Amino acid sequence: MTLKLFTLLLQAAVSTLGISLISIAIGFVIAIVLSAAILSHKPAYVFSARLFISFFRGVPLLVQLLLIYTLLPVIGINVPSIVAAIVGLSLCTAAYQAENLRGGFESVPPGLIEAAEVTGLNPQQTFFRIRVPIALRLTFPALINEAIMILKSSSLVSVVGIIEITKMAQDLASSTYLPIPIFASAALIYLVINSFVVLIGRFAERSLGGASA
Amino acid sequence: MIFNPAIIMEKLPEIGSGLMVTLILWLVGIAGGVAVGFVVATVRRFGGRMINLGLGTIVEVLRGTPFLIQVFLLYYGGPFIGLMLDPIPCGLIGLTIYSAAYYSEIFRAGYAAVPPGHVEAAQCLGLTRLQAIRRIQIPEMALIVLPPSVNLAVILLKESAVLSIITVPELTATVSAIGSQQYAFLEAIFLLAVIYWVIVELTGRLGRLAEHRLSRLRFANA
């Protein structure tokens, strides 16, 4: 295990980070739509959103990735495999984030909403100034957890040939016959990234004022 | 491409054997993980600070790294330290270690959630420490740990698909191989998704049923 090999792993980590961050961001946007559909209480919307969430939470991510990877070209969408991978990760994390968001919105104390209405805020103001900030604060710890899950799950995109930490480690291990130091270093890099995410999460939670507010 | 599920139906016996391997891996992984996880949580709680710190570090490493990397380390790294494992035993060991780390955290939270007053009360009534753990702490924990345990069981089923990468002949490996042989990859993956989906939904329902039963049992005794 030389410094050169470790540097290669670190370079691949940039790709892991990029894929994960983009997927979490896209997933968050889809999750907003999904949770809005469920909270709308319109049967057709609720049913479609629930079906989506149930499917993406019920099927292994590896199978989802294989499905998207084969399905996209069949329906005439030819995109680079990295795009397919990001689509897969985004849809999966969207399902989990939607459940978190819905939980957050449902746990906003009704008294606060009533208070906002009594104070003279219109429904829009109540939504954007009271419900959204409180729900986001309540779901923040779950969002950090989800970020860690996706960082770890992104190792699966190595299967569709994308060079990130895991794929790089696999290639290096087979070309150098040093699987133990290489996979251990890869594990260490994941561990350090995840610890950072946890730390950032704690810091952000504190500056958001915590869940008590 | 014409969607033709009949191609897949011819291969039903093979799919069945893949499903069996997945179910065995899954159930052994859960049972082993619960057993080891419970021991780890118990030792951490009652075994002193250094042991707690050591085990805690191992648990955090296992929880902070991808399952795939752990499996690679075991499968490709094992032979270098004299641990030659066939894919299935390797998968079993990997899944058990991984699930033990998560189950130990569930049990740890379970221990922490039992009010200390209950245990103290038991000891005041003359129960020994071991009796208090066995008769008071563990039954009270059961209800607390059930929902996250079912959740984790679902996660483990889905993680077991990862073992197809080290050529364990489980459901994902079997069905996708059939798909490539028959030039029906999309049908195969669809079928695969549906099978997992059904098992996950059934598990969730079973878990809620068990939760319901257990909480009724508790109130009946109270």
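The values are calculated or read from the model by the stated rules, or taken from the named source; none is laboratory data. All values derive from a computational prediction rather than experimental measurement. Backbone-built Cβ (ideal geometry, glycine too); neighbour counts: all protein chains shown. All accessible areas refer to the heavy atoms of the entire protein, side chains included, with ligands and DNA or RNA removed. Shrake-Rupley method; radii C 1.70, N 1.55, O 1.52, S 1.80 Å.
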Expressed in angstrom and rounded, the centroid-to-centroid distance over alpha carbons for the range B:128-152 and the range A:107-163 is 32
Between chains A and B, the summed loss of accessible surface on complex formation, probed at 1.4 Å and reported to the nearest 100 square angstrom, is 2900
Sorted by chain and then number, the residues having a modelled amide H within less than 5 Å of the amide H of A:L178, at least 5 places away or on another chain, are none
A correct Karplus calculation of ³J(HN,Hα) over the range A:83-88, with 6.51 cos²θ - 1.76 cosθ + 1.60, θ = phi - 60°, whole Hz and x for Gly and Pro, returns 5, 4, 5, 5, 4, x
Mean separation of Cα contacts under 8 Å (at least 6 apart) over the residue count of chain B, i.e. the relative contact order in percent, is 30
Taking Cα pairs closer than 8 Å and at least 6 residues apart, the relative contact order of the range B:1-100 in percent is 41
With +1 at each Lys and Arg Cβ and -1 at each Asp and Glu Cβ, the charge dipole magnitude of the protein assembly as shown around its Cα centre, to the nearest 20 debye, comes out at 1020
Cα pairs beyond 19 Å in the range A:67-146, in percent, come to 55
Given the candidates A:A31, A:I75, A:N100, the one whose Cα lies deepest towards the positive end of the charge dipole of the protein assembly as shown, counting +1 at each Lys or Arg C-beta and -1 at each Asp or Glu C-beta, is A:N100
Among B:H212, B:Y196, B:V162, the residue whose Cα sits farthest towards the positive end of the charge dipole of chain B, when +1 is placed on the Cβ of each Lys and Arg and -1 on the Cβ of each Asp and Glu, is B:H212
Taking only the alpha-carbon positions of the range B:6-221 as identical scatterers, the Debye log10 I(q)/I(0) at q = 0.08, 0.11, 0.18 Å⁻¹ comes out as -0.37, -0.65, -1.26
Whole-Hz Karplus couplings 3J(HN,Hα) for the range A:190-195, θ = phi - 60° and coefficients 6.51, -1.76, 1.60, Gly and Pro as x, run 4, 4, 5, 4, 5, 5
Taking a straight Cα-to-Cα line shorter than 28 Å from B:K11, and setting aside same-chain lysines fewer than 8 residues away, one finds B:K158
Expected integer from the mean partner chain Cβ neighbour count at 10 Å over A:52-61 is 6
To the nearest 10 degrees, the tilt of helix A:43-58 (Cα long axis) against the first principal axis of the alpha carbons of chain A is 30
In deg cm²/dmol, rounded to the nearest 500, the helical mean residue ellipticity at 222 nm of chain B, built from -39500 (n - 2.57) for every DSSP H run of length 4 or more, is -26500 deg cm²/dmol
Counting Lys and Arg as +1 and Asp and Glu as -1 over every other residue whose Cβ sits under 12 Å from the Cβ of A:L61, the net charge comes to +2
hull vol. (C-alpha, convex hull) per residue for the protein assembly as shown, Å³ -> 195
To the nearest 10 degrees, the tilt of helix B:171-181 (Cα long axis) against the first principal axis of the alpha carbons of chain B is 10
Of A:41-50, B:15-24, ordering from highest average Cβ density within 10 Å down gives B:15-24, A:41-50
Quick calc, the range B:6-221, dipole around Cα centre from Cβ unit charges on Lys, Arg (+) and Asp, Glu (-), nearest 20 debye, gives 980
Each residue of A:62-72 has, on average, a number of other protein chain C-beta atoms within 10 Å of its C-beta equal to 6
In degrees rounded to 10, the 0-90 angle between helix A:165-176 Cα long axis and the longest Cα principal axis of chain A is 10
Per residue, the convex hull enclosing the Cα atoms of the range A:3-208 spans a volume in Å³ of 136
Per the charge dipole of the protein assembly as shown (beta-carbon charges, Lys/Arg positive, Asp/Glu negative, Cα centre), the residue among B:P66, B:V150, B:G77 reaching farthest to the positive end is B:V150
Applied in sequence order to the range B:185-193, the curve 6.51 cos²θ - 1.76 cosθ + 1.60 (Karplus, θ = phi - 60°) yields integer Hz couplings, x standing for Gly and Pro, of 5, 5, 4, 4, 5, 4, 4, 4, 4
Most packed first (mean Cβ within 10 Å per residue), the peptides B:196-206, B:58-68, A:123-133 order as B:58-68, B:196-206, A:123-133
Within 10 Å of the Cβ of an average residue in A:153-165, the count of other chain Cβ atoms is 2
Here the relative contact order (percent) of the range A:3-208, from C-alpha pairs under 8 Å and at least 6 apart, is 29
Dimensionless Rg/Rh of the range B:9-102, both radii on Cα and Rh by Kirkwood, sits at 1.08
